[in-house]
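*Asks:* Got a structure for you, questions after.
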Amino acid sequence: MYHDALEKDAENALNTARLKTEKLLADDEAMDLMSILERYCDILMESRMERIDKLSGDSVEAIVGILATSSRIDSPELITLSQALALQYPNLTSDEAVKAHLATKLVKHVTPNRPSQTAVDETMVTIAKSYGVPDWEPPFLLPGDRSEIDGLSAGVNLSSFSLQLLPFQSSTRRD
């Protein structure tokens with residue numbers, strides 16, 4: 001009975017860690033999108049809102065990028081900018097314009113998915129290593145993922161993330 005309770009606690013801790021890791025990855029994606037949109041706003045400020053027939057390629061990319069992804073960021077200012085751009089440049093709001101001018105780096109932000117299990121596992125291994133647990137390995141790891149994680153060089157920002165893996169590690173026993 002005690003062993004079952006420990007296994008249940010370990011399973012709950014792992015599920016909580018997975019959810020926190022998914023949130024970390026989603027937050028990283030949002031920060032990435034925010035920095036891209038900030039650069040796009042800088043481009044538009046420099047171009048001083050040109051006429052549509054005289055827009056530079058960078059300005060068109062910036063306008064389409066803002067129009068296509070502004071709803072992904074919770075920012076009233078960005079939504080107001082997006083609405084103003086849609087009114088000023090209605091030709092750039094069509095699906096064809098988005099397909100033609102959307103930067104490749106924004107495609108993943110237009111239709112975001114949950115992080116893959118591999119990405120979550122890689123990040124959890126990175127977090128475990130940063131907490132001094134170098135040999136931790138996610139349970140149910142797929143064979144193809146093992147080689148990816150062995151050569152792990154994930155660039156996940158852990159500075160604002162707190163995950164309690166050490167108590168989880170100490171509560172699991174390998175009999």
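*Asks:* Name the chymotrypsin sites (Phe, Trp or Tyr not before Pro) in segment 47-143 that are in a loop by DSSP and that have at most 13 other C-beta atoms within 10 Å, would you?
*Replies:* Taking segment 47-143 and a limit of 13 other Cβ atoms within 10 Å, the loop chymotrypsin sites (Phe, Trp or Tyr not before Pro) found are Phe140.
*Asks:* Right, next: Mind grabbing the accessible area of Asp135 for me, 1.4 Å probe, Å², rounded to tens?
*Replies:* Here the accessible area works out near 140 Å².
*Asks:* Then there's this: Once Rh is set to the Kirkwood radius over Cα pairs, what Stokes-Einstein translational diffusion coefficient, in µm²/s, holds for segment 1-99 at a temperature of 37 °C and a viscosity of 0.692 mPa s?
*Replies:* D = 205 µm²/s.
*Asks:* Near Lys23, which lysines are there with a Cα under 17 Å away, not counting those fewer than 8 places off in the same chain?
*Replies:* Cα-Cα hits under 17 Å: Lys108.
*Asks:* A follow-up question, please. Probe 1.4 Å, all protein chains in place: accessible area of Glu46 in Å², nearest 10?
*Replies:* Per-residue accessible area (Glu46): approximately 150 Å².
*Asks:* Using a 1.4 Å probe and counting only protein heavy atoms, arrange Tyr2, Tyr89 so the residue with the most accessible area comes first.
*Replies:* So the residues, ranked largest to smallest area, are Tyr2, Tyr89.
The values are calculated or read from the model by the stated rules, or taken from the named source; none is laboratory data. None of these values were measured; they are calculated from a predicted model. Heads up, the Cβs are rebuilt from the backbone with ideal geometry, glycines too, and the neighbour counts pull from every protein chain shown. Calculation scope for accessible area: heavy atoms of the full protein, side chains included, ligands and nucleic acids excluded. Shrake-Rupley method; radii C 1.70, N 1.55, O 1.52, S 1.80 Å.
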